[in-house]
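As structure tokens, the structure follows; a few thoughts come after it.
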Amino acid sequence: MRLRTLDLIRYGRFTDRTLDFGPAGDGPDVAIVYGPNEAGKSTALHAWLDLLFEMPLQHRYAFQHARKDMLIGATLETADGPLTLRRTGQRTGSLTDARGRAVDERRLEVLLHGLDRDAYRTRFSLDDRVLREGGEEIAKAQGDLGQLLYAGSSGLSGFAETLRQAQEEIDGFHKPRGRSTVLAEARNTLRGIEDRLDAARLDPRRFDALQAEAAAADAALAEAGAKRDYAKRALRLREAADARRDLSREIDVLTDRLADHPAGPDLPPEAAARLAQALEALTVAREGRARADEALADAERRRADQTPDPDGLRIGALLAELEDVPFGDGQTLVMRATAADADLGNRRAERDRLRTSVRMLAERLAGPEADPAHVVLARDVMSAIRDAALDLRAARTGRDEARRTLAAARDGLGPSEVMPDGSEALADALAALDSLRLDPEALAATARDAALAADLAAAGLPSGWDVLTEAGLPTAAELRAAEQAVQAAAAEVAKADGAAADAAEALAAQTAALEAETGLGDVVTDADIAASRAARDRLWSTHRGALDAASADAFAEAMAQDDAARDRHGASREARAHRARMEAEVHLLRERLARRTDAAQAARAAQETPLGAAAQLAGRLGLDPSVSPAVFAERREALIAAAGARLAAEAAQADHARALDASNAALRAVAGAVREVGGTVSAMPDGLPAARRLRSDLDERRARIASRQEAAGVVRKLEAAEARCAAAVTDAEAALTRLTAGLWCAGLSGEALLRLYDDLAELGEQHAALGELERRVARMQDALDAFDTRAGDLIAALGDEARGASVAGLLRAARDRAAAAGAADRAIAAAQRDAAAAREEQKRLDRKIASAIDRRDAVFAGQDSVPGEDPEAALARLLARDELRAQIASLSKERTALAEWHDPAALAEEEAQDDPVRTEALTDTVKEAEAARDHALGRRAEARAALDVALNGEGGVDLAQERAAVLEELREAARRAALTRIGLVAAAGALRRLREDRRGPMLQATEAAFRQMTGGEWPRLEAQPTGSGERLVGIRNGAAVPADAMSTGTRGQLYLALRVAGHADFTDRFGPLPFLTDDILETFDDDRAAAALRLAAEMGRMGQAILFTHHRHLVQMAEDEIPGLRIIDLQAN
């Protein structure tokens, strides 16, 4: 599927705006949508998703157009051809075609390969936020290859966090050697309940009586249930009989109505459509037959209006034959004769005028009676004579100019001079002095300032601070780590002390509450009950042995005390449970206080390690060991600044010394050079101005010498040039004499010939034009003679029309006559063709009419009805008949269905009894049976409750309920943990299969994309084995770097490479879908942005890629990187 156009008809800020992505073309199918912030890029992206997956009820873009009025459109290119769709804001039937007809949503589901909105958004759209989250996902997954391939192919993030939470949930239920898991705590609770249940026992005789009562209640309930079921079956049978009886009556009524309709088979479902098509075809055919009749009458009328002209047709043939006759120069005789007839007189007059002009011009050049043919010179001869005369003029002018220049050069030579020895050494010495870049005075001031800055930087530092810097200062990372470790240890100590104080306070409060509760003395404990029961059993044994009154009284007293204790035990059940909870809470609080006290002591012990490390760092910085690490960084910066200032001062002093030595050496060289050329040397640097003046004088002398040498060379060159110019004059004079020998102009000077040249040229042109004009007049006369010969038959056919006419008049008369005859002939032929076509159309429409009548009558075939004059009414009666038949069949089917699951004989018997009182009686019987069963159910519940109370003993019911609740909670927790474990195993298996299935192609595609995007900085990706799978690593500078250890920006680019590979994998397996990105290159530098754009071009070769951005420079970069890029500017009209 490909997006050709996106029509934002009424959506967000857009009204009637179309984004045209153009045809796919042969290159990469990539478009970039540009617009500044708030231009509507995100709006267009959401519009595309809304078109594919409906608009949400609460719409964020319904601010300019109401949701119900919003409308989006698109043209999609599919394998079946173009598909134009519209999406409205309606809640149902919102997908339509361009004409507003409903389109099944499954049409889009097939094109999207079953992807829903979230799946398409995560797989085929990408923005800067998702890119950052993808980089974080790589870190959370710790480079696990399966999870990264899943993230790349699905676009989903957060999967690593989901797996971690699932594992924590499983470990929370059960973990080997875990003491605080749900399963371990439940086991402890159940053991306590079982111990407390051991105290309750039941007397056998009482148990037998209660068990018998429960069995009797179960039997009574079973009997009542059987009676209720029998009553319900009888009522259902009666209700089915009543319903069947009512349906029979409806069937009879419909059958009576059916008798009034025509007989015949049921019409097929398409009968109405077939009849409508046949009637429409019949109407159209009859209307066409009427038009064919009118066309035939019109054609016959047009044929009768025309008169044939055979002579005119013959004139046309003669004219065509004459117009095809060629003339000698390739044109037709008619064209030549027409032009000659119109222009021959003018050309003869022009020839005579030109003859007179040529003769007068020849006499002006060569004298009276001069023959123009003798005076005229050939064009090449004239050109040669003119060139020779010009060469002679130029040679004489050059010779005169050379003589004047030579005389001036000889006059300009001055006196001769020479340079003293050593002049070049003085120039070199001064140049070396000037080339020194360092000023000793400026460097001296800089050295003083640097020394002062070093003293200021060391102010406030202890003596011997330089020894500390030379020994090596701690790094900033070490200082930060020490400060953080000390702070963390202090925080842990404070936290542990606070927790211990809170535990001590809670223990004191709970202990006081328990002591107050114990002081009340109104609670009988389980131990008290056990003691009274043991005393009673002991006295019972004594009584059985003695069987006297005293032992009987003692046993009776013990029984009374035991019963009273049990009564008080039962009455104090809640208070006893409350005290037990308080005692358990006190025990837990004591344990908590002990744990937290130990934790506080451990925190203080652990604090010593970071404090010791901080004391060592303080010593390396020259600080007291007790100083807080918060000041370490400031001292380190001060030491670094002091060391840097001292090094700068030493470097400035060295620079000054070097500059001073270089300056003194250069001054000594200048003094030696002055002495060498014979100058007077003064002490340096005071003598430096005099040395510079001496050098200036020597430079001026050198310039004068060079100038005189150059002038002497010019004089020699001018003498040679003057000799060459004189020889050129002699040669030019000889050449002109040779050219004019034997001509009428022999002996004329060069200047005279140049003055006559224009007249000679004009004479040549006029003489040539005269010859051409005489030849043209002759050809015109030949054309007229030939025309008179070949047009004889045409002139005879025209008769009086041709007599005395010019060539053009003759041709015009022939053409008019032939055109009129041809038009009449063509009109007759056209009328005859139209008449034949109309007759054929009549025959064709007659066949259409007969076919339509046959199709109409076929609808009524086999029916006891004919179409007659109103076939639609006849069809309506048949359709009404078929509807009655369908209703009867439906009711009969319903009546048959009511008989299912019932005895046919019993049902027939019930149908025969049409007594409404019987149905009411059966309904009352069911109600009575229900009431009896409910009563039996209550009796059974009471009997079972009595048995359960006896079985559990006093307090046993509560313990049994508590145990049941614990077991139920344990079963539910186990079920959830098992489901989570199954899901985790399934996810691990799916990731393993994904890693195995797509490891090769996806890893290769990811590696290529990542290498291209990083400019070869990360040339390779590898999968390294781990304990339970594989992890992804990148190779950089030959070293393996785990994916989760890469920088944030690099992880984002790796995630983009995974998404590119996932897109290629999906496209290869299912086919292309448009891939959209929204400003994903904001954090990329120019090189990686260009590489990412080249990747977009690669994606565009597999499918369609659409990039949204608000950066103009990215648009320009994309134009350079992506051939055939289509740019859509949201601000353009």
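The values are calculated or read from the model by the stated rules, or taken from the named source; none is laboratory data. Please read these numbers as outputs of a predicted model, since none were measured by experiment. Using ideal geometry, Cβ is built from the backbone for each residue, glycine included, and neighbour counts are taken over all protein chains shown.
Some notes on this structure:
- Verdict on GLU585 being in contact (Cβ under 8 Å) with a residue 24 or more places away in the chain, over 56 Å from the mean Cα position of the chain (by Cα) and not in a loop (DSSP other than H, G, I, E, B): yes
- Restricted to the stretch 649-670, and to residues there that are among the acidic types (Asp, Glu) and either farther than 23 Å from ALA690 by Cα or modelled with pLDDT of 85 or more (or both), the residue that is surrounded by the most Cβ atoms within 10 Å (Cβ to Cβ) is ASP655.
- Close contacts from the stretch 823-837, counting a first residue that is over 16 Å from ALA292 (Cα atoms) and a second that is modelled with pLDDT under 90 and surrounded by 14 or more Cβ atoms within 10 Å (Cβ to Cβ), with Cβ to Cβ under 7 Å and a gap of 6+ residues or different chains, come to ALA824/GLN306; ALA824/ASP309; ASP825/LEU313; ALA827/ARG302; ALA827/GLN306; ILE828/ARG303; ILE828/GLN306.
- Residue check for ALA599: in the same structural domain as ALA489 (by TED's automatic domain parsing), surrounded by fewer than 15 Cβ atoms within 10 Å (Cβ to Cβ) and of a type in the set (A, V, I, L, M, F, W, C): no
- Residue match in the stretch 845-863 (condition: of a type in the set (Asp, Glu) and under 18 Å from GLU287 (Cβ atoms)): yes
- Checking GLU910 against (1) under 22 Å from ALA220 (Cα atoms); (2) touching a helix residue (DSSP H, G or I) at 6+ places or on another chain (Cβ under 7 Å), the condition it does not meet: (1)
- The lone exception for ALA594 - which of (1) modelled with pLDDT of 85 or more; (2) over 58 Å from the mean Cα position of the chain (by Cα); (3) crowded, with 17+ Cβ neighbours inside 10 Å; (4) not β-branched (Val, Ile, Thr) it fails: (3)
- Considered as a group, the residues in the stretch 975-1024 that are of a type in the set (Lys, Arg) and out of contact with any strand residue (DSSP E or B) (no Cβ under 9 Å at 6 or more places or on another chain) include one that is modelled with the lowest pLDDT, and that residue is ARG998.
- Of the candidates LEU210, LEU221, LEU275, LEU296, the single residue that is hydrophobic (A, V, I, L, M, F, W, C), within 60 Å of the chain's Cα centre (by Cα) and more than 30 Å from GLU894 (Cα to Cα) is LEU275.
- Qualifying residue in the stretch 799-810 (condition: surrounded by 14 or more Cβ atoms within 10 Å (Cβ to Cβ), more than 30 Å from LEU426 (Cα to Cα), in contact with a Gly (Cβ under 8 Å, 6 or more places away or on another chain) and at pLDDT 80 or above): no
- Contact annotation: no residue pair with Cβ atoms under 9 Å, 6 or more positions apart or on different chains, pairs a residue in the stretch 76-90 that is free of Cβ contacts under 8 Å to residues at least 12 places away in the same chain and on the phi > 0 side of the Ramachandran plot with a partner that is surrounded by 21 or more Cβ atoms within 10 Å (Cβ to Cβ) and not in a loop (DSSP other than H, G, I, E, B).
The rows are residues; the columns are (1) touching a residue at least 60 places away in the same chain (Cβ under 8 Å); (2) in a loop (DSSP other than H, G, I, E, B); (3) under 30 Å from ASP699 (Cβ atoms); (4) within 60 Å of the chain's Cα centre (by Cα).
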{"position": "LEU413", "(1), (2), (3), (4)": "yes, yes, yes, no"}
{"position": "LEU430", "(1), (2), (3), (4)": "yes, no, yes, no"}
{"position": "ALA451", "(1), (2), (3), (4)": "yes, no, no, no"}
{"position": "ALA454", "(1), (2), (3), (4)": "yes, no, no, yes"}
{"position": "LEU473", "(1), (2), (3), (4)": "yes, yes, no, yes"}
{"position": "ALA489", "(1), (2), (3), (4)": "yes, no, no, yes"}
{"position": "VAL493", "(1), (2), (3), (4)": "yes, no, no, yes"}
{"position": "ALA504", "(1), (2), (3), (4)": "yes, no, no, no"}
{"position": "ALA513", "(1), (2), (3), (4)": "yes, no, no, no"}
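- Flag if ALA820 is without any contact (Cβ under 8 Å) to a residue 12 or more places away in the chain and aliphatic (A, V, I, L, M): no
- Residues that are over 47 Å from the mean Cα position of the chain (by Cα) and among the β-branched types (Val, Ile, Thr) within the stretch 475-487 comprise just one, VAL486.
- Residues satisfying the stated conditions in the stretch 885-901, i.e. closer than 12 Å to GLU250 by Cβ and more than 60 Å from the chain's Cα centre (by Cα): ILE888, SER892, ARG895
- Selected residue (criterion: nearest to ASP924 (Cα to Cα)) from residues of the stretch 234-265 that are surrounded by 12 or more Cβ atoms within 10 Å (Cβ to Cβ) and touching an Asp or Glu at 6+ places or on another chain (Cβ under 7 Å): ARG238
- Any hit, the stretch 689-700, residues being within 30 Å of ALA407 (Cβ to Cβ) and modelled with pLDDT of 80 or more: yes
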